[in-house]
Every structure is written in structure tokens, then in C-alpha cells.
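Notes to accompany the following structure.
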Amino acid sequence: MNMKLRVITIAIFSLFIFTNLPIINKIILREIDGNRHFRYSNADGSFTIIQDFGFKDGLIQADWVMGRFIRENKPSPGNRVLYRLYKINPLCFWRWSFYIFSSRKFPYRSWEDIEPNRMPYKPNNMWQDF
């Protein structure tokens with residue numbers, strides 16, 4: 001019985017490690033979660049972005065693009081903070097490395113809190129993905 005429990009524990013631990021390896025993790029995130037789950041916005045919705053897990057996309061894409069938005073548009077100080085619009089779910093073990101290296105940088109805010117204050121959506125605005 002003890003050997004069986006040890007094998008099961010090692011198998012589960014190996015699965016957690018394997019699914020969070022850098023290249024494998026991006027593939028799993030793209031396939032399981034798709035490109036609509038990891039969304040970010042500033043306080044007034046004038047900047048929104050959806051995290052993409054394409055081959056050349058890094059994990060800090062949202063942070064880099066937000067810096068460019070601030071330099072070009074010079075929003076008010078309250079709108080310079082980038083919020084993640086998704087909650088961290090510890091049961092989704094394949095997201096753990098993404099949560100550790102990317103998600104923890106951004107405070108959480110619900111889209112329901114941002115939407116009433118949102119600037120009008122303009123499809124041709126390069127700073128709004130949704």
C-alpha cells in the first residue's frame with residue numbers, strides 16, 4: 001500500500017511539474033483556456049488587452065503594451081494601473097507558472113466595476129481589444 005501511494009504521489013507531482021514547463025505551459029494555456037480568458041484593463045477601460053499565447057508572444061505582453069499606451073496617451077494617474085479581469089483559480093494547476101510569473105503583478109478588478117466607467121468602445125482604437 002505504501003509503495004502504491006508513493007507511485008501515485010510521484011505521478012501527480014510529475015504532472016504538475018510537466019504542465020508548468022515553459023514551452024509546454026504556453027501550448028496548454030492556448031489549447032485549454034483559449035485566447036479569451038486572460039484579459040486586462042485599466043480603470044476606465046480606455047486600454048484593454050487579451051493575453052495571447054502565440055509562439056512569439058511573451059508572458060509580459062500586457063505590461064509592455066500598457067507602458068507604450070501610457071507614453072503615447074498620458075492618461076490620468078488613476079488610469080495608469082493595469083488590472084487583471086480574471087480570478088486566480090488554484091485548482092487549475094496548469095496555470096500555476098503563469099500565475100506566479102505574470103498574474104501576481106496585476107491587482108484584480110472585476111469587469112463589472114470597470115464597465116460603467118468605460119470610455120466608449122471604438123473598434124479602430126488600437127488600445128482596446130474588447
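Observations on the model:
- Pairs from the list Lys26/Lys87; Lys4/Lys26; Lys87/Lys122; Lys26/Lys122; Lys74/Lys122 with a Cα-Cα gap above 28 Å: Lys4/Lys26; Lys26/Lys122.
- Around the amide H of Tyr83, modelled in the peptide plane, lie the amide H atoms of Ser41, Asn42, all under 5 Å away and 5 or more residues distant in sequence or on another chain.
- A helix-only calculation puts the chain at -10500 deg cm²/dmol for mean residue ellipticity at 222 nm, using -39500 (n - 2.57) for each DSSP H run of at least four residues, averaged over all residues.
- Residue order for Leu29, Leu15 - accessible surface, 1.4 angstrom probe, largest first: Leu15, Leu29
- Helix 61-73 axis, angle to the chain major axis (alpha carbon atoms, nearest 10°): 10 degrees
- Those residues of the stretch 101-130 whose amide nitrogen sits under 18 Å from the label point placed on Ile32, 7 Å along Cα→Cβ: 101-104
- For the chain, carbon and sulfur atoms together expose 64% of the accessible surface, with a 1.4 angstrom probe and every protein chain in place.
- Percentage, to the nearest whole number, of Cα pairs in the chain over 18 Å apart: 58 percent
- Tilt relative to the chain, helix 2-19 - C-alpha long axis, 0 to 90 degrees, to 10: 30 degrees
- On the basis of the beta-carbon distance and an R0 of 22 Å, Trp64 and Trp111 show a calculated FRET efficiency of 0.50.
- Annotation for Arg104 and Leu15: the two label points, set 7 Å from Cα along the Cα-Cβ direction, are 2.4 nm apart.
- Loop-located trypsin sites (Lys or Arg not before Pro) in the stretch 59-118 (DSSP state not H, G, I, E or B) with no more than 16 neighbouring Cβ atoms inside 10 Å: Arg80, Lys87, Arg118.
- Label point at Val81 placed 7 Å out along Cα→Cβ; residues across the stretch 101-125 whose backbone nitrogen lies under 18 Å: 103-119
The values are calculated or read from the model by the stated rules, or taken from the named source; none is laboratory data. Owing to the predicted nature of the structure, the values given are computational and were not obtained by experimental measurement. All Cβ positions, glycine included, derive from the backbone under ideal geometry; neighbour counts span all protein chains shown. SASA here: full protein model, heavy atoms, side chains in, ligands and nucleic acids out. Shrake-Rupley method; radii C 1.70, N 1.55, O 1.52, S 1.80 Å.
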